[in-house]
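Taking it in order: structure first as structure tokens, then the write-up.
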Amino acid sequence: MEKTGVVIEIKKGRIKDANLGMIACARAANREVYALILNDTAENFREILEAHGVHAMVEITTGGADHTPWNPEQHTRAIITAMEALHIKALLALTTPMGRELLPRIAAALDAPLVMDCIDVDLEKGLARTTLYSGKTIGTIQVTGSHELFGIRPNVIAPVPVKTKAKMISMPIDTPVSGKFKTVEILPGQSSQTDITEADIIISGGRAMQSKENFDLLFQCAHTMGAAVGASRVAVDMGWVPYTMQVGQTGEKVSPRVYIACGISGSIQHFAGMKMSGMIIAINTNAEAAMVSNCDYFIEGDLFEIVPLLTQRLTQK
Ligand code: FAD
């Protein structure tokens, strides 16, 4: 049986939920799924990986005992070494900062085709569906090569629980690297909230928020429903919120179950980042706004009245 590798992302000791949809995508091809776990204890994740149909857990440790926590050059070499040793032809990783660092490097080293930000992949046929032209259209791309690489957009593919028994493969890989890349320090980002690319619900604010302080209204509302707060580029450019919260063509591409756009007009560039949302709710004073003609539900009115009301109702629940 052919094998597909999936690069597993772990955050604060937990497997990110978005990995599970990626595993479902890999399994759909009826191949063996090899979960590649970098510099972490694979056994800690056995239960969740076996509950989602993984056939093997590959624990890759780089650089001996004092491995660096993040070195894309070293990690690229380690993944390629594991792929070659295990005869893995197809590789999936998430289109996240980690995946964006690793996949192009691996593709370049293997001279392999790569499609990023896929919303679906048919591994048997080598077909990937991805958004093109800033999200205006969805293209199906055919790839052929000795290896095939796909970046999967987080949260667009639903997890499919399937029970398996996974074998454990331990691979200490001490690959020589150029030393041109060195992680000096890793600092926490400006935002303490859930990563918007992984959020189930996002409430976003635009120019109409008017100030950094007013974003507190959104944070309070988000807190009541376990949501993350996003923003349009205007709100980021004004310095009201950090760039990590920007949704759109030049920000994050998000696919939450519910996206609530507060005072956001719905420019093409903003849509490019959130059009894959399951349900779009627009709160806007202008019924003619583009966001309104592209949403599932529209609340016409002032966000400064509607959002506190929503927070109040959700708190009462
Ligand atoms: P506006 O377009 O000004 O809309 C404000 C909305 O708030 C209006 O619809 C108004 O009716 C409504 N409103 C006003 N007051 C209230 C109130 N009290 N209650 C409720 N509603 C109210 N933009 C992004 O968002 N993300 C990107 O990644 C991005 N990338 C870009 C890349 C390029 C190359 C370029 C050229 C532009 C990019 N932009 C991006 C900018 C984009 O073109 C728009 O300028 C931007 O999205 C508009 O932000 P907005 O909707 O918050 O503001």
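Quick one: net charge of residue 1's neighbours, Cβ under 11 Å, K/R +1, D/E -1? Show your work: numbers first, answer last.
On the way: positive: 3, 31; negative: 2, 32.
Net of charged neighbours comes to 0.
Over segment 1-149, what is the percentage of antiparallel beta bridges among all DSSP beta bridges, to the nearest 5? Before the final figure, lay out the partial values.
Values: 12 of 28 bridges.
Rounded to the nearest five, the antiparallel share is 45 percent.
Among 258, 141, 214, whose Cα lies farthest out toward the positive end of the dipole of the chain, if unit charges sit on the beta carbon of Lys, Arg (+1) and Asp, Glu (-1)? It is 141, whose Cα lies furthest towards the positive end. Cβ-to-Cβ counts within 10 Å put 211, 255 in ascending order as 211, 255, the fewest first.
Scanning the chain for chymotrypsin sites (Phe, Trp or Tyr not before Pro) that sit in a DSSP loop and have at most 16 other Cβ atoms within 10 Å, the longest stretch containing none of them is 182-317. Taking a ≥ b ≥ c as the square roots of the eigenvalues of the Cα gyration tensor, segment 188-317 is classed as rounded, since a/c falls below 1.5. Both the radius of gyration and Dmax for the chain are 20.8, 60 Å, in that order, over alpha-carbon atoms. Under the convention that each Lys and Arg Cβ holds +1 and each Asp and Glu Cβ holds -1, the size of the dipole of the chain around its Cα centre is about 320 debye.
Charged side chains reduced to their Cβ positions (Lys and Arg at +1, Asp and Glu at -1) give segment 158-238 a dipole of some 400 debye around its Cα centre.
Rg/Rh for segment 179-264 to two decimals, with Rh computed the Kirkwood way over all alpha-carbon pairs. List each step's numbers first, then the result.
Values: Rg = 13.8 Å, Rh = 13.4 Å.
My calculation puts Rg/Rh at 1.03.
Assuming charge only on the beta carbon of Lys and Arg (+1) and of Asp and Glu (-1), the dipole of segment 59-213 about its Cα centre is about 240 debye to the nearest 20. If the limit is 20 Å between Cα atoms, which of 11/163; 16/180; 12/212; 253/275; 136/253; 16/182 go over it? Going by Cα-Cα distance, 11/163; 16/180; 12/212; 16/182 fall outside the 20 Å limit.
A full extension of the chain between residue 238 and residue 313 corresponds to an added length of 24.0 nm, given 0.36 nm per residue minus the alpha carbon distance. The residue 141 and residue 46 beta-carbon pair, evaluated with R₀ = 41 Å, returns a calculated FRET efficiency of approximately 0.75.
Using only Cα coordinates, the Kirkwood hydrodynamic radius of segment 63-222 works out to 18.9 Å. For the chain, the longest piece that avoids every one of the GluC sites (Glu not before Pro) found in DSSP loops with at most 10 other C-beta atoms within 10 Å covers 1-184.
For trypsin sites (Lys or Arg not before Pro), the sites in segment 73-139 that DSSP calls loop and that have at most 15 other Cβ atoms within 10 Å are 125, 136. Amide hydrogen proximity for residue 132: with H placed 1.01 Å from N in the peptide plane, the residues at 5 or more positions away or on another chain lying under 5 Å are 137, 138, 139.
We did not get these values from a lab; they are worked out from the coordinates using the rules stated. Being a predicted model, the structure only gives us computed values, none of them experimental. With ideal geometry, Cβ positions are generated from the backbone for all residues, glycine too; neighbour counts draw on all protein chains shown.
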